[in-house]
Structure formats: structure tokens, C-alpha cells
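The values are calculated or read from the model by the stated rules, or taken from the named source; none is laboratory data. What you are looking at is a predicted structure, and each value in this text was computed from that prediction instead of being measured. Cβ sites come from the backbone with ideal geometry, for glycine too, and all protein chains shown count toward neighbours.
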Amino acid sequence: MYEAIRRNKWRSFLLVFFLTLFLLVVGYVFGHAIGKGEAGGIGGLGIAGILAIVMALVSYYGSDRIVLAISSAREVTREEQPRLYYAVESLSLAAGIPPPRAFIIEDSAPNAFATGRDPEHGVICVTTGLLDKLDKLELEGVIAHELAHIRNRDVMFMSMVVVMVGVIALLSDLAMRYFFWGGGRRRGRGDSGGQAGAIILVAALLLAVLAPVIAGLIRMAISRKRELLADAEAAKITRYPKGLADALRKLEYDTEPLEAANKATAHMYIVNPLKDLGGFVNGLYSTHPPIAERVNALMAM
Amino acid sequence: MGDALAIVLGLICCLGLAIVGGIILMYNGLITLRGRAENAWSQIDVQLRRRYDLIPNLVETVKGYAKHESQTLEAVIAARNTAMNASTVGEQAVAENALTQTLRSLFALSEAYPDLKANQNFLALQEELSGTESMIARSRQFYNDCTMDYNNKIQMFPHSILANMFHFTEREFFKIDEPEARGPVHVSFS
């Protein structure tokens, strides 16, 4: 499991590196195609970038409250839910982080998620269905997976990724507008760089169409790597990989959709709460690896 | 000639600065890891204290229902006091094991008293004690994790040189002596 932790850390780092590189390439190609002296365009990009960062900061600092409110979750005490309380308390001792606050959603569909911008503001939220349907070792596996997300600061990590993807999408959008509305004006001034200029223009057009899709795919790949990382760390925290593997199988076979979840919050849960998987986009465009892959990785530890 | 000398001197200075900086970073890293292991060790004591605090309550509750079991109750109290007064790590480990054993026999005898088993206070204490037991186990696990990180680091080159110079010594792992305590407890109903 130490090997799995190291490997998943390295791979998600590599993906973030590629995403940053991609962002720079996109920026460079568009900048080159649109040309110098377009102070207005660059100013626009700056404004778009600042907007994206402000939005990311708001979601970074407020996401826990927003998510808990739309999921209609409420905080529970030790007296109410001793099983949940002791699982969270003892496993956060093993994980070496302050115990997060425990929340509950009244729903018989078994599921769980974690949020909070850093380990000091950690929140773990489970459904009543999860507490009813899992035994102690399985519950500990799920809680440990969520604690690993909190310890890895995955909320911060993924919001950074989302910002980069968003900036790439904004850049592409602006470039598209420029090609439609501003391209003719520039050609009229006659400062085009001949063949090289034409090649870059074609590349920029292609990128403007493809960049948002590629960035989105990289984002999903990063998310899947972070899930596998959290699984591997959960195995280290509980010292019992089979507990989480059994829990994941149980959650997969449970067909009931979670009513409190929607498309905006679905990616946060330990397994997809919407139960509407299917179609060929499933593999590349999902935030979580298939359950079978996660179970196999856990059983190999 | 003068230029070449200046360049060489500049390079030597840069190299020297880099080495000093690296040593400072490594030294601080070792301090952090050692501090983490020490803190993890004191966290175990926090959990043990929780258990000591719960025991008098438990004994009082059981007394009300099972007056004839004073021997077991006294054994629990004695084991608790021995564990609290243990002076060395080894002594404490032995005393804690004894305490766990006496608590187990206390909960085993409670099976014979239906009134006691129905008592809300008793049930809550039982729940809290078993929760505390798992917290003790998890804090020991975290101590061992921190100790492993620290021990590995001070053996690795180049940290090993610094560790020798500044007397960073290996920490001991927490070991559980009784073999049955390693695995889960098996309960048979035959």
C-alpha cells in the first residue's frame, strides 16, 4: 500500500503538471495568433483570469457550508451516533489529523463525502443508510477514505484544477470570438506573418475548439487518481484494505439513488450517488474509477 | 585572469551557501519528524487517561447490581492504579494489558446480570470504554507510523550523517506482547 500511495501521488502530480503546461501552450498559441498590440484582448484575458480566481476563492472558503446546506445535512453528537463518532475520532487519531465534524443526511441510500478547505476545517458527512447497511470494518474503510481526502487537501487541490480548466475554457472562448469578429480587421492591416502565421492561426483555431474538451478530460483523470490515492491511504489508516473493498461492493450493488445529491455535488461522494451510469463517455468523463478497479487495487495491497 | 578568479570564487561561494542551506533544511526536517513522534507518544497518554477516568464510574454502576463480584471489581481498580503509577514504558505496557484483561472479565460477568445489562448508564459506559479502547489502539498505530518515518529518515543518506552528529537516536516502536491481542477477539457461542 505504501507503493500505491507513492504511485498515485506521483501520477496526479504529473497530470497537474501536464495541465499547467497545456494552459501555457494554449495561452502562448492564442497570444501568437491574435498578435501583439491587442492590448484590449490581453486586458480581457486578465479580467477573465481574475474572475476565475475570485470564483475559486469563494468556492474554496464557502464550499463546505454551501454543500452541507444543499445536501440538507445536520451535525450529530456522540450520544446520537456513537458508532460514527468513535469511528471518526479513532481513525483521525490514526491518520494524524484533528477530528473533523461529523454530519448526517437522512437518506437510506448509503453514501458519504468529505469537504472543508484544510484539515482544521474538515467535515465528514454520511447518510443514515450507510450507518445501517455497513458493519464496523466497512464503515471504518469509508471513513478512512474520507479522512484521506481531508488530509490530502483534495478540496483545495481539485479547486485549483477546476480554475485551470476554467481559464483554458475562457481563453478558448475569447479566441473563438476574436477569430469570428476581429480576424478580418487584422488581415486588413496586412501585418500577417506569411506561412508561419497561417500555421499558427490554424493551430489556434483547432485548439480553441479542442482545448476545453482536453482540459476537461485531464481534470477527470486527476480526480480519478485522487480517488485511488484516497483508497490506498484508507487502507494504510485502517490497516485493513478488505474493509473498504467490501464497503465499495455493497455501495455499488445498492441501486437506490441519493435524493440529496445532484450533478453539482455528485463528484464529491465516495461512489456516484446518481446511479445513472452508462454510455461510452462513462469511462473518460467520470470523476471516479470503476468500482471493480478500485476493489482490485485494494485487494492487491 | 582576474575575471576567471572571480567566477571560481563566486561558484565556490554559491556551492557553500547551497550546502549550508541544505544542512539547515535537513536538520529542521529531522526536528519536525522527531517532534511528531514525541507528540504521537503523548497522544497515547491522553487516551489512556480517558480510560482511567471511566473506570471508577463503571465500577460504581456494576456494584449496585452485582454485590457478590467484589473480587473482580477490586481487581479492576487495582489494575487501574498499577497502570496509572507505572514509571517505565515497559511496566506500563504490562499493566495496561492486565487492565484490559480484568475489564474483559468484568464485562463477561455482567452477562449473568440481566438488570445490569439493561441499565442505560452501564450500556453507555460499555460503549464509551470500547470506543476508548479503539482510540488507544489507533493512537499507538499513529505513534508507530511516526516512529517509522523518523527512524527511516535518520538512517537514510545524507540525513544519517547529521543524525550522528546531533545525536538523533532511533525511537522504539510500540509492541504488543501478548500474541492474542494482535488479532481480532474471537467470541464463541457454543
Can you find a residue that is surrounded by fewer than 16 Cβ atoms within 10 Å (Cβ to Cβ), closer than 25 Å to A:VAL142 by Cβ, modelled with pLDDT of 70 or more and within 14 Å of chain B (Cβ to nearest Cβ) anywhere in region A:64-73? no
Evaluation of B:ASP45 against (1) within 14 Å of chain A (Cβ to nearest Cβ); (2) more than 19 Å from the chain's Cα centre (by Cα) (one fails), failing number: (2)
Quick one: which residue in A:ALA245, A:ALA221, A:ALA215 is surrounded by 15 or more Cβ atoms within 10 Å (Cβ to Cβ), touching a residue at least 40 places away in the same chain (Cβ under 8 Å) and either out of contact with any Ser or Thr (no Cβ under 9 Å at 6 or more places or on another chain) or under 22 Å from A:GLY129 (Cα atoms) (or both)? A:ALA245
Being touching a helix residue (DSSP H, G or I) at 6+ places or on another chain (Cβ under 9 Å) and part of a helix (DSSP H, G or I) is true for just one of B:VAL8, B:VAL62, B:VAL20. Which residue is that? B:VAL62
If you go through region A:109-125 one residue at a time, do you hit one that is within 14 Å of chain B (Cβ to nearest Cβ), modelled with pLDDT of 90 or more and over 11 Å from A:LEU147 (Cβ atoms)? no
Residue satisfying condition, being in a helix (DSSP H, G or I) and within 26 Å of A:PRO82 (Cα to Cα), within set B:ALA83, B:ALA40: B:ALA40
Within the set of pairs 6 or more residues apart or between chains, which connect a residue that is at the interface with another protein chain (Cβ under 8 Å from one of its Cβ atoms) inside region B:117-140 to a residue that is among the polar types (S, T, N, Q) and part of a helix (DSSP H, G or I) with Cβ atoms less than 8 Å apart? B:GLY131/A:SER90; B:SER134/A:SER90; B:MET135/A:SER90; B:MET135/B:GLN47; B:ALA137/A:SER90; B:ARG138/A:SER90; B:SER139/B:GLN43; B:SER139/B:GLN47
Name the single residue that is modelled with the lowest pLDDT among those in region A:272-301 being charged (D, E, K, R) and part of a loop (DSSP other than H, G, I, E, B). A:ASP276
Can you find a residue that is in a helix (DSSP H, G or I), more than 19 Å from A:CYS125 (Cβ to Cβ) and modelled with pLDDT under 85 anywhere in region A:250-271? no
Going by the structure shown, is A:ILE104 surrounded by fewer than 24 Cβ atoms within 10 Å (Cβ to Cβ) and assigned to a strand (DSSP E or B)? yes
Which of the residues spanning region A:109-137 are without any contact (Cβ under 8 Å) to a residue 40 or more places away in the chain and among the β-branched types (Val, Ile, Thr)? A:ILE124, A:THR128
Residues of region A:74-86 being touching a residue at least 12 places away in the same chain (Cβ under 8 Å) and within 8 Å of another protein chain (Cβ to nearest Cβ), which ones? A:TYR85
Going through A:GLU140, A:GLU89 one at a time, which residue ends up being within 14 Å of chain B (Cβ to nearest Cβ) and either under 25 Å from A:VAL295 (Cα atoms) or modelled with pLDDT under 90 (or both)? A:GLU140
Taking region B:86-100 as the search range and keeping residues that are part of a helix (DSSP H, G or I) and in contact with a helix residue (DSSP H, G or I) (Cβ under 8 Å, 6 or more places away or on another chain), which one is modelled with the lowest pLDDT? B:GLN92
